[in-house]
Amino acid sequence: MIKLISFILLNLLSFELHPEIICKASPINQGKYLNRKPPKSWTDCFGVYNYLYPISSYTGNFISGMPNGSGMLEYRIGTSYIGEWLNGEFNGEGVIKNPDGSSIDGNWRRNSLDGYGIIILPDIGTLKGNWSEGIFYNEVRIQYKDGTEYTGLINQGKYNGQGQFIYSDGTYYDGIWEEGMQHGKGKMVFPDKKELNGIWDNGKFIGSDRNY
């Protein structure tokens, strides 16, 4: 029912913007031998193409037989991408949604996040930051489901560089991280305002630093 409603809405939207341009012979099924593709004559039109029908289906705008502009790709398992396309690839603003409630919302370039993006993982939390070719760079913010939060630099999925971690009781560590551990100069401040300010080694406080 949801797919039907989405299809109707997209068709109504297409009709409103391009009342005379519906791709000829739409929908087209790819076929079990993968031998049917949208024709190049599908240009500046709105159509439906079923990949390995009924595994997935694209509904949206085409140029020269390829998804271009706004469109929606739906998989039978429940995953979908709704957003902008360029030459058959995710390109521009778009969001991926999965049946488990997880999602990836942001700017895409050639099927990879490129720019600001937000990832929601229901069992873990929300991750916000900038991406380049599908890899995080610069500062990120991770808000965990248990109430803890990290804001800072990350490398290969681990806290690395300057960053702040806030614990659920209000305690926070602000300083240098390496491989996901407090390592280098930093301070931990407790709810009663007491501090451990100095040098850390692999997650352990080893002493104060006069130059800190």
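The values are calculated or read from the model by the stated rules, or taken from the named source; none is laboratory data. On a predicted model such as this, the values are computed, not experimentally measured, just so you know. Quick reminder, even Gly has a Cβ in these numbers, built from the backbone with ideal geometry, and neighbours come from all protein chains shown.
Here are a few things to note about the model shown:
- Residues considered: Ile119, Ile176. Of these, the only one that is within 20 Å of the chain's Cα centre (by Cα) and among the aliphatic types (A, V, I, L, M) is Ile119.
- Filter result for Tyr116 (among the aromatic types (Phe, Trp, Tyr), under 23 Å from Ile22 (Cβ atoms) and assigned to a strand (DSSP E or B)): no
- Annotation for segment 30-41: no member residue is outside any strand (DSSP E or B), touching a Lys or Arg at 6+ places or on another chain (Cβ under 9 Å), in the same structural domain as Gly83 (by TED's automatic domain parsing) and of a type in the set (Phe, Trp, Tyr).
- Count of segment 42-81 residues which are within 24 Å of Ser102 (Cβ to Cβ) and part of a loop (DSSP other than H, G, I, E, B): 7
- Verdict on Ile176 being more than 28 Å from Leu73 (Cα to Cα) and touching a residue at least 24 places away in the same chain (Cβ under 8 Å): yes
- Of everything listed in (1) of a type in the set (Gly, Ala, Ser); (2) surrounded by 19 or more Cβ atoms within 10 Å (Cβ to Cβ); (3) not assigned by TED's automatic domain parsing to the domain that holds Thr43, the single unmet condition for Gly94 is (3).
- Segment 11-29, subset at pLDDT below 80 and not in a loop (DSSP other than H, G, I, E, B), residue surrounded by the most Cβ atoms within 10 Å (Cβ to Cβ): Ser14
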